[in-house]
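Engineer: One structure, as structure tokens, below. Some questions next.
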There are 2 protein chains.
Amino acid sequence: MPDRAPVAAPVPAGDPAAAFARHDHARCAATAREVTARACAERGLRLTEIRARVLAILCESHAALGAYDVLDRLREDGRKAQPPVAYRALDFLVVNGFAHRIERLNAYIACGHPGDDHAPAFMICRSCRRVAECAAPAAAAALSPQAAAMGFEIERVVVEAEGVCPDCRASARETGGETGA
Amino acid sequence: MPDRAPVAAPVPAGDPAAAFARHDHARCAATAREVTARACAERGLRLTEIRARVLAILCESHAALGAYDVLDRLREDGRKAQPPVAYRALDFLVVNGFAHRIERLNAYIACGHPGDDHAPAFMICRSCRRVAECAAPAAAAALSPQAAAMGFEIERVVVEAEGVCPDCRASARETGGETGA
DNA sequence: AAGTGCAATGTTACAGGGTAACGTCATGCC
DNA sequence: GGCATGACGTTACCCTGTAACATTGCACTT
């Protein structure tokens, strides 16, 4: 589903609410790609053609894409790509902080703050699959005391909220039905 | 991997630390099964033979089991079970709060507080797959303000910390190697 | 230029996770 | 008995992910 946003006021790209609000998405996507390219150059990472293409595909919308969705898009380009091609590019982007894996969906989104070291949380719309990336250090931090008490060493925290985005809530009200797709 | 716990002091069953600490697991498992059975009786839910068997399988250890692991165990009983059999039983247990799905692992564990309405967080050992269930209302609550600000309606929050449990940390130190399996 | 090493890509083949759809069976209710 | 409902049995399939190995391209050395 494309990024429709009929109601909310415009927000700047990079804002957590951007995924669910009207914004200049062309600029939003271009910025993400440029920032990623710059970060790669600075850190000696090779943003190859395939990797850049996969990033561009993810940047096209704020909806999470499965690896096979990405693979299909690569094939539409005329490539005869096999699954590892998509997974390798996605791994590169995720490992280096240019994209995120959404565990709940087994899917991927472009990062809203590429290159930054951050502890993201996600708001996932179960109706349109769009995902908003938020900074939520408090959520992860809330686990530290308990981890310490039991001697558990935390390496990574997944925080994913599932629900319904403002647009899909509005659609549901209009049709008088439930919010499910 | 079985529930080894060579170091920590005993803890009561139901304690968040139980998964990673020495405890009377036979009693821990029996309690979970009994509490679940009672909750089903009270709420008019049918804890059928298959469902009870799947719960018992999950209760055998604090390690997360994949649906196909459960399926294999069912087949060892002599059943000729197909995947939907395992998934239906697991769905029943998860929906009614008697088991949890660990998104990070695509796997399942028995609930430590069956029947209670709670907002669990999980500590997942990436080495032995054991999972400790914690109460972490603060983690989920930390997202509410941002969700409200963007008009997102949260229905469920997944909080999963991945890392290394005390036992596996100790093992890693002994062998002088990394913590990976 | 030839040689070497490494990172990335190409390709095959398969393992693991999950579900739609339909038929059958048991249970409880009128 | 007749009926509705929920659980189970079974088939067939789709989606997700990876091991393993071949090949290519690039950078750096000698």
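The values are calculated or read from the model by the stated rules, or taken from the named source; none is laboratory data. All of these numbers come straight from a predicted model, not from anything done at the bench. A quick note on method: Cβ atoms are made from the backbone with ideal geometry, for glycine too, and the neighbour counts reach across all protein chains shown. The area values use the complete protein model at the heavy-atom level, side chains included, leaving out ligands, DNA and RNA. Shrake-Rupley method; radii C 1.70, N 1.55, O 1.52, S 1.80 Å.
Engineer: For the stretch A:117-181 and the stretch B:100-122, what is the separation of their C-alpha centers, rounded to whole Å?
Structural biologist: The distance from the Cα centre of the stretch A:117-181 to that of the stretch B:100-122 comes to 16 Å.
Engineer: Pop out a list of residues from the stretch A:108-153 that are at least 50 Å² less accessible with all the protein chains around than in their chain alone; 1.4 Å probe, no ligands or nucleic acids counted.
Structural biologist: Listed by number, the residues meeting the 50 Å² cut-off are A:Met123, A:Leu143, A:Gln146, A:Met150, A:Phe152, A:Glu153.
Engineer: Output the direction-averaged projected area (hull surface divided by four) of the convex hull of the alpha-carbon atoms of chain B, in nm².
Structural biologist: Directional mean of the projected Cα hull area for chain B stands at 12.2 nm².
Engineer: Further question: Magnitude of the Cβ-charge dipole of chain A, K/R +1 and D/E -1, about the Cα centre, nearest 20 debye?
Structural biologist: In total the dipole reaches around 420 debye.
Engineer: Could you please state how large a percent of the accessible area of the protein assembly as shown is carbon and sulfur, counting protein chains only and using a 1.4 Å probe?
Structural biologist: Percent of accessible area from carbon and sulfur atoms in the protein assembly as shown: 53.
Engineer: Considering Cα pairs under 8 angstrom that are at least six residues apart, work out the relative contact order of chain A and quote it in whole percent.
Structural biologist: 21 percent
Engineer: Here's another thing I want to ask about it. Tell me, what HN-Hα J-couplings in whole Hz come from the Karplus equation 6.51 cos²θ - 1.76 cosθ + 1.60 at θ = phi - 60° for each residue of the stretch A:71-85, using x for Gly and Pro?
Structural biologist: 4, 4, 5, 4, 5, 5, 6, x, 6, 9, 7, 9, x, x, 4
Engineer: Suppose every K and R has +1 on its Cβ and every D and E has -1 on its Cβ; what is the size of the dipole of the stretch B:94-135 about the Cα centre, in Debye to the nearest 20? Intermediate values should be presented prior to the final figure.
Structural biologist: Numbers: 5 positive and 4 negative charges, 68 e Å.
Roughly 320 debye for the stretch B:94-135.
Engineer: Let me ask something additional. Which is farthest toward the positive dipole end of chain A among A:Pro145, A:Thr36, A:Pro166, measuring Cα position about the Cα centre, with Cβ charges +1 (Lys, Arg) and -1 (Asp, Glu)?
Structural biologist: A:Thr36
Engineer: In addition: Which of A:Ala132, A:Ile50, A:Ser61 sits closest to the plus end of the dipole of the stretch A:17-174, meaning its Cα is farthest towards the positive end, when Lys and Arg get +1 and Asp and Glu get -1 on the C-beta?
Structural biologist: Farthest towards the positive pole: A:Ile50.
Engineer: Regarding the stretch A:84-181, what is the average projected area of its C-alpha convex hull, in nm²?
Structural biologist: The directionally averaged projection comes out at 8.2 nm².
Engineer: Treating the beta-carbon of each Lys and Arg as +1 and of each Asp and Glu as -1, no other charges, what is the dipole magnitude of the protein assembly as shown about its Cα centre, to the nearest 20 debye? Spell out each step's value before the answer.
Structural biologist: Numbers: 44 positive and 46 negative charges, 154 e Å.
With only Lys, Arg, Asp and Glu charged at Cβ, the dipole is about 740 debye.
Engineer: Also, quick follow-up: Any idea what % of Cα-Cα pairs in the protein assembly as shown are farther than 29 Å? Provide the component values of the computation, followed by the final result.
Structural biologist: Working: 31522 of 65341 pairs.
Summing the P(r) of the protein assembly as shown above 29 Å gives 48 percent of all pairs.
Engineer: Something else about it: Gain in length, A:Ala138 to A:Lys80, computed as 0.36 nm per residue apart minus the alpha-carbon separation, to one decimal in nm? Working shown, then result.
Structural biologist: Numbers: separation 58, 0.36 × 58 = 20.88 nm, distance 4.42 nm.
Extra length available between A:Ala138 and A:Lys80 comes to 16.5 nm.
Engineer: To continue, here is another question. How high is the FRET efficiency from B:Glu155 to A:Arg88, r the C-beta distance, R0 35 Å, rounded to 0.05?
Structural biologist: That gives a FRET efficiency of 0.55.
Engineer: Let me ask something else. Taking each residue in B:163-171, count the Cβ atoms of any other chain within 10 Å of its Cβ, then average. What number comes out?
Structural biologist: 3
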